[in-house]
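Here is the structure we will look at.
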Amino acid sequence: MLIYTFWVICLLLFGQKSTSSDEDYHFSDNLRLIIVIPAMNEAGVIGKTIVRFMKSTADLPNISMAIINDGSDDGTELVAKRVIAQFNCQNRVQVLTRTKPNAQQGKGSALNWAYHRLVDPRQMKPDDLARTVVGVLDADAYMTEQGYEQVLANFANHPQIDLLQTRVGMITIHNWLQLFQDIEFRVINDWIQNTRNLIHNAAASGNGQFIRVSSIRSDNPWGNALLEDFEFSTRFLLRGKHTYYASNIVVYQEAIDHILPFIRQRARWTQGGLDCLFSYWPRILRSSQINLLSKMEMTFYMFIPFITLISGLAGLYVLVYVIAHIMTCYPVVISLVLLNCIINNIIIADYRKTANLNWFVSLLSILFLGIYNYLLYPAIVIAFYKKIRGQHGWAKTVHGNKDIA
């Protein structure tokens with residue numbers, strides 16, 4: 001609890017002020033935006049995603065979508081093509097199909113494969129490269145028309161931006177687990193990224209990641225770490241590229257509604273962080289392109305699994321000790337609980353600025369938000385176990401249960 005509290009206090013000091021601007025924005029329709037969606041067994045959501053995309057971009061013909069059917073065996077390709085035919089939008093949405101044994105080799109591999117088919121820098125003029133932006137969205141993602149316009153405005157008005165990451169929120173909330181995910185992404189992750197903006201190392205978060213094509217130099221820009229988004233932005237930072245987080249642009253995604261899939265997702269993310277630690281930490285420390293504060297923050301972020309594992313074991317020991325000495329320890333316990341509730345109150349107050357939360361649910365959230373963090377402990381243990389065993393399979397998140405199309 002102490003480490004969690006210290007971490008949140010740091011975010012309170014530096015992360016609440018966003019550098020994003022809500023002032024009038026203007027964008028040029030000369031920019032071309034290609035949305036790429038990796039889709040492995042996404043029949044449950046892909047039709048709805050296409051419908052939402054067409055509605056949001058009805059007045060934005062310079063935005064197109066490419067769906068990577070990554071060896072799906074659940075009818076993803078059929079659903080996608082049926083909705084495309086229904087909307088007669090073959091000129092705006094296409095399906096790129098990979099087949100086994102080349103398919104299902106990770107999200108990074110799928111993105112690299114699609115990138116070569118959608119963009120050929122060797123055949124494009126420098127101006128066209130600078131005006132072309134590739135966006136990566138999840139198969140369940142949704143953005144508003146204003147969101148797409150603001151993405152284009154950022155790249156048009158700020159030529160120094162090489163990579164833009166948007167804020168993430170949940171589309172619908174039906175239970176406490178989904179609510180706490182929304183709070184985590186809308187508030188905690190937002191504070192983290194705002195802090196990174198201040199020290200110039202904003203990180204990609206996969207969903208809602210946009211890249212200027214002229215900034216890409218590698219033939220295979222995405223790696224195959226299980227945290228391929230953080231790996232991608234780390235590669236950009238090592239090359240001296242400018243990454244930026246836009247707090248005022250939101251991409252919406254599904255929230256996981258059951259604990260076991262949630263733990264599997266976080267175990268994959270944690271293992272991906274360990275991949276990046278072992279592969280990139282020495283390079284980050286030696287880099288002349290990354291400043292000292294950024295190196296410190298990135299080091300802390302990559303070491304969080306170790307810190308959390310140690311603090312979890314220490315917390316278990318402290319719990320046993322407190323129970324055995326409750327009469328002498330209760331003032332400290334009460335003080336820590338009160339401090340945690342104060343911090344949680346600040347988090348919930350920030351969340352209520354953009355979400356409709358009644359006072360009763362707000363109170364319960366303040367009291368129980370800390371419990372949500374304890375779900376990360378089994379995920380971290382699983383991640384370490386798989387890393388030690390050399391198990392690097394992609395346990396993807398399952399989206400949806402039925403399609404509207």
Problem - Along principal axes, Cα extents of segment 13-129, largest first, whole Å - result: 46, 40, 33
Problem - Cα-Cα pairs of segment 74-230 separated by more than 23 Å (percent) - result: 49 percent
Fill in the blank from the handout: Yeah, segment 60-153 with a ≥ b ≥ c from its alpha-carbon gyration tensor (a/c under 1.5 is rounded, else prolate when a/b outruns b/c, oblate otherwise) is oblate
Handout entry: Heavy atoms of residue 241 accessible to a 1.4 Å probe, total area in Å² rounded to 10
Key = 50 Å²
Problem - Solvent-accessible surface (1.4 angstrom probe) belonging to residue 381, in square angstrom, nearest 10 - result: 80 Å²
Exercise for the section: Could you check which residue among 56, 287, 335 shows the biggest mean-square fluctuation in a GNM of the chain with a 10 Å Cα cutoff? Expected result: 335
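Excluding residue 175 itself, calculate the net charge of residues whose Cβ lies under 14 Å from the Cβ of residue 175, where each Lys or Arg counts +1 and each Asp or Glu counts -1.
-3
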Handout entry: Net charge of neighbours whose Cβ lies under 14 Å from the Cβ of residue 213, counting Lys and Arg as +1 and Asp and Glu as -1
Key = +3
Fill in the blank from the handout: In debye to the nearest 20, the charge dipole size for segment 50-190, taken about the Cα centre with +1 at each Lys and Arg Cβ and -1 at each Asp and Glu Cβ, equals 400 debye
Problem - Gyration tensor over alpha-carbon atoms, segment 196-306, equivalent ellipsoid semi-axes in Å - result: 23, 18, 14
Handout entry: When each of 55/125; 241/295; 107/387 is checked by Cα-Cα distance, pairs over 22 Å
Key = 55/125
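To check you understand DSSP bridge types, tell me what percent of the beta bridges within the chain (both residues inside) are antiparallel, rounded to 5.
Rounded to the nearest five, the antiparallel share is 25 percent.
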Practice task
Let me have the relative contact order for the chain, percent, based on Cα pairs under 8 Å that are six or more residues apart.
Solution key: 22 percent
Handout entry: Taking only Cα atoms of segment 272-399, radius of gyration then Dmax in Å
Key = 19.1, 54
Handout entry: Length-normalised contact order of segment 17-175 in % [C-alpha pairs under 8 Å, at least 6 apart]
Key = 35 percent
Exercise for the section: Calculate for the chain the 222 nm mean residue ellipticity that helices alone would give, adding -39,500 (n - 2.57) per DSSP H run of length 4 or more and normalising by residue count, nearest 500 deg cm²/dmol. Expected result: -17000 deg cm²/dmol
Problem - Percentage relative contact order, segment 27-106, counting C-alpha pairs under 8 Å, at least six apart - result: 36 percent
Exercise for the section: Using only Cα atoms, find the angle between the long axis of helix 46-56 and the longest principal axis of the chain, and express it within 0 to 90 degrees, rounded to the nearest 10. Expected result: 70 degrees
Practice task
State the label only: which of [x] 19.9; [y] 20.9; [z] 18.0 corresponds to mean projected area of the Cα convex hull in nm² computed from the shown model?
Solution key: [y]
Fill in the blank from the handout: Computed over the chain: longest principal axis from alpha-carbon atoms vs helix 107-118 long axis, angle to nearest 10 degrees, is 20 degrees
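In segment 190-222, which trypsin sites (Lys or Arg not before Pro) are in a loop and have at most 15 other Cβ atoms within 10 Å, using DSSP for the loop call?
217
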Exercise for the section: Assign one of three labels to segment 221-269, namely rounded, prolate or oblate, based on the Cα gyration tensor with a ≥ b ≥ c the square roots of its eigenvalues; rounded applies when a/c is under 1.5, prolate when it is not and a/b is larger than b/c, and oblate otherwise. Expected result: oblate
Fill in the blank from the handout: Taking Cα atoms, the helix 359-373 axis meets the longest principal axis of the chain at an angle in degrees (rounded to 10) of 90 degrees
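The values are calculated or read from the model by the stated rules, or taken from the named source; none is laboratory data. Remember, predicted model here, so these are calculated numbers, not experimental data. Don't worry about glycine lacking a Cβ; one is built from the backbone with ideal geometry, like all the others, and counts go over all protein chains shown. With ligands, DNA and RNA removed, areas are computed over all heavy atoms of the protein, side chains included. Shrake-Rupley method; radii C 1.70, N 1.55, O 1.52, S 1.80 Å.
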